Amino acid sequence: MTDLAVTVNGLKFKNPFVIGSGPPGTNANVINKAFAEGWGGVVAKTISLEADKVTNVAPRYARMRAEGSKEVFGWENIELISDRPFETWLDEFKAIKDAHPEGILIASIMEEYRRDAWIEIVERCQNVGVDAFELNFSCPHGLPERKMGMAMGENPDIVAEVSGWAMEAATIPVWAKMTPNVTHIVDPGRAALAAGCHGLAAINTILSVMGVDLKTLRPMPTVEGYAVPGGYSCKAVRPIALRMVMELARMQTEDFPETTISGIGGIETGEDAAQFILLGAHTVQVCTGVMIHGYGMVKDMCEQLAAFMDQHEFASIDDFRGASLPYFSTHADLVRRQAEAKAAAKARREGMVEKDTEWEGDKFVEQSDRLVSND
Ligand SMILES: Cc1cc2nc3c(=O)[nH]c(=O)nc-3n(C[C@H](O)[C@H](O)[C@H](O)COP(=O)(O)O)c2cc1C
């Protein structure tokens, strides 16, 4: 019997599908809806102590569609973290846990570069009963202007220091969410785990410019005629997310085997999720997919993941996590393997009669043997 439940850092998720931080987890109404529809966990929209410093603009999204089709495969946003008061969030966290005690509720937190602020936000959130934290070291737009989000996440020393502050106060699991807008994601990932974080979440959005309006010559999404680069998500980023999760998982399984990974980026189906798990993810998060397909998609995703597991006779998520990691190698190794395979094929071909003129009386039985496929 296929079991989708997974225990991660001591927390039991009824399935590995988690709402990624963003609009689908932006208040109690939508978080309750997510749990009612069957999501294993929810990472709430990122919060900070001082919501009044957050002012969003509209429009703040831009979509890329497949040519000649309605299918959305790329999504840019210039949305900031939550603009709702911290105290409201605390009340809602408590109410959500009361209503859905079995749902794993993860607070995504972000603060300025001040130890006391990080300690305060951790203590006050865990006091109202959230199950875990995600440290947002990764928002690529708006917040870096205040030295927050990606401005921290791209610097492994700061990631280590701030993770250390959070770990001083945390009594529940802590994941660090990584930005993909770096050359070597393993460096900040390692820094977070070395500082004591229990897990990594990857990836946040990729810095992008959706396009330029050829009539107005203004970059998009355009606000009062101007724009800023935003964060790219949805299906188009999945190959990049898979690569980064793979790199983090190779480091994490080798050096921090007790820690975990939450895979994020362009996941919309159970098959997408299976690929992240095969590359080392313990849970998977979906943000943009929910904005396109709605909360009910989790049911299809569970069915699709279970069907994949049945096909391979995997009884649990633990049975196949990381199973594809050993097949990454170096280019030189691929060249060597290909040369060996070609030589072996040549050797097999040699001695096989191809034309009837090649049959010889003295070697007749041997030549016949070589042409047999099923011995
Ligand atoms: C509109 C929007 C808002 C987001 N807000 C946040 C946020 O507040 N905190 C955060 O950590 N990530 C945020 N993200 C990033 C997502 O959680 C996720 O890392 C990223 O979009 C890639 O996953 P996806 O392709 O499933 O959306 C946001 C993404 C979108 C599209």
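For this structure, a couple of remarks:
- Label-point separation, residue 65 to residue 37 (7 Å along Cα→Cβ), nm: 2.2
- Angle between the chain longest axis and helix 86-99 axis [Cα atoms, degrees, rounded to 10]: 60
- Seen from every direction in turn and averaged, the convex hull around the alpha carbons of the chain projects onto 25.1 nm².
- Karplus (6.51, -1.76, 1.60) ³J(HN,Hα), θ = phi - 60°, over the stretch 209-217, in Hz, Gly and Pro reported as x: 10, 5, x, 10, 5, 6, 7, 8, 6
- Value of [θ]222 nm, deg cm²/dmol, for the chain, DSSP H segments ≥ 4, -39500 (n - 2.57) each, nearest 500: -11500 deg cm²/dmol
- Alpha-carbon Rg/Rh ratio, for the stretch 1-78, with Rh computed the Kirkwood way: 1.08
- Here the convex hull built on the C-alpha positions of the stretch 140-246 has a volume of 120 cubic angstrom per residue.
- Using the Cβ-Cβ distance between residue 83 and residue 222 with R0 = 35 Å, the FRET efficiency computed as 1/(1 + (r/R0)^6) comes to roughly 0.95.
- Pairwise FRET efficiency - residue 209 versus residue 271, Cβ, R0 = 35 Å, nearest 0.05: 0.70
- Simple spin-label estimate for residue 340 and residue 5 in nanometres, 7 Å along Cα-Cβ: 4.3
- Derived value for the stretch 78-216: Kirkwood hydrodynamic radius 15.6 Å. Basis is the mean of 1/r over every pair of different alpha-carbon atoms.
- Sorting 60, 349 by the number of Cβ atoms found within 10 Å of their own Cβ, with the fewest placed first, yields 349, 60.
- Taking Cα atoms only, the orientation of helix 331-349 departs from the longest principal axis of the chain by about 20 degrees.
- Exposure proxy ranking, count of Cβ atoms within 10 Å, fewest first, for 256, 276: 256, 276
- Between the helical axis of 297-312 and the longest alpha-carbon principal axis of the chain there is an angle of about 30 degrees.
- Here the label points at residue 116 and residue 325, each 7 Å from Cα along the C-beta direction, are separated by 4.1 nm in the simple model.
- Listed peptides 316-328, 23-35 by packing density, highest first (mean Cβ within 10 Å): 23-35, 316-328
No lab work stands behind these numbers, since they all come straight from the coordinates. A quick note: this is a predicted structure, and the numbers were derived from the prediction, not measured. Counting neighbours? That spans all protein chains shown, and the Cβs are built from the backbone with ideal geometry, glycine included.
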